[in-house]
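One structure below.
The values are calculated or read from the model by the stated rules, or taken from the named source; none is laboratory data. In this text, all values refer to a predicted model and were calculated from it rather than measured experimentally. Because the Cβ atoms are built from the backbone with ideal geometry, glycine has one as well, and the counts that use them run over all protein chains shown. Quick note on the areas: whole protein, heavy atoms, side chains included, nothing else; ligands and nucleic acids left out. Shrake-Rupley method; radii C 1.70, N 1.55, O 1.52, S 1.80 Å.
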Amino acid sequence: MQFDKVSWLFLAGIGNSGEQHWQRMWANKLPNSIWLEHSEWEAPQRDLWVQELNEAVAQLTQPTVVVSHSLGCLLLLEWASMHRCEHLVGGFLVAVPDPMSAAFPAEAKGFRRGFEHNAALPLTLIASQDDPYGSIDYAQRCAQQWGASITNIGPKGHINASSNLGDWREGFELLTGFVDGIEYIEY
């Protein structure tokens, strides 16, 4: 798939991704980027977030790759467990959190563990060895359940603005490789 022929749907986690977050930087530079804005960022409810994502996906008209971070990853998985869209061609999931971890925000309600989902689209998972919201073992279990590739990028925390990654060139190269490997059949 040609990198410049797709749209990009960005799904941020709890609290949203600010201007210093690699995810926001990528959305600002990639053409055809869509940022899903939620009505409630600080106390996300699974059903509301899934509904808001479903409304955004209904507007898609061309092949789209989802770029998710943290709770945005679980959101994509929750949505994909219930819905299908021929325009969603892949998911790039970064720092999938474990809702059962002690660090998981109590304000986020109704989200299931990543490995409890089956998503019918190509996925790749990017994980950090020292993510406080999800262990590397958890990430590997998720990837195995989905039949997804996984990349361990070493000790980078939650792979967010606090990780001081800037525009995270390594991650962008991983995204490019993922997109180049997606096979998309036009309907």
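With a Förster radius of 22 Å, plug the Cβ-Cβ distance of Leu48 and Ala106 into 1/(1 + (r/R0)^6) and report the FRET value to the nearest 0.05.
On the way: r = 17 Å, r/R0 = 0.76.
Calculated value: 0.85.
Specify the inter-centroid distance of the stretch 66-88 and the stretch 145-187, based on alpha-carbon positions, in whole Å. About 15 Å separates the Cα centre of the stretch 66-88 from the one of the stretch 145-187.
Based on C-alpha pairs under 8 angstrom that are at least 6 apart in sequence, the stretch 106-151 has a relative contact order of 45 percent. Of the solvent-accessible surface of the stretch 120-187, computed with a 1.4 Å probe and all protein chains present, 44% belongs to carbon and sulfur.
So with the 1.4 Å probe, I'd like the accessible area per residue for the chain, rounded to whole Å².
Working: 8540 Å² over 187 residues.
Result: 46 Å² of accessible area for each residue.
Using a cutoff of 8 angstrom between alpha carbon atoms and counting only pairs six or more residues apart, the relative contact order for the stretch 51-187 works out to 22 percent. The fraction of accessible area contributed by carbon and sulfur in the stretch 53-95 is 44 percent, rounded to a whole number (1.4 Å probe; ligands and nucleic acids excluded). The slack between Glu173 and Lys5, meaning 0.36 nm per residue of separation minus the straight C-alpha distance, is 58.8 nm. Amide hydrogen proximity for Leu88: with H placed 1.01 Å from N in the peptide plane, the residues at 5 or more positions away or on another chain lying under 5 Å are Thr64. Here's how it looks for Leu36: its modeled amide H is under 5 Å from those of Phe10, Ala12, which are all 5 or more places away or on a different chain. Taking amide hydrogens as placed 1.01 Å from N in the peptide plane, the amide H of Thr151 sits under 5 Å from those of Leu125, Ile126, Ala127, each at least 5 positions away in sequence or on another chain. Within the same chain, aspartates and glutamates fewer than 8 places from Lys29 are excluded, and of the rest, those with a Cα less than 14 Å from its Cα are Asp4, Glu19, Asp167.
Shape class for the chain: rounded, because the ratio a/c of the largest to smallest gyration tensor axis (alpha-carbon atoms, square roots of eigenvalues) is under 1.5.
Counting only protein heavy atoms and using a 1.4 Å probe, the accessible area of Phe115 comes to about 30 Å². Distances between every pair of Cα atoms in the stretch 77-187, grouped in 5 Å steps from 0 to the bin holding the largest one, split as 2, 11, 21, 22, 21, 15, 6, 2, 0 percent. Ligands, DNA and RNA excluded, the heavy atoms of Ser149 present near 60 Å² of accessible surface to a 1.4 Å solvent probe.
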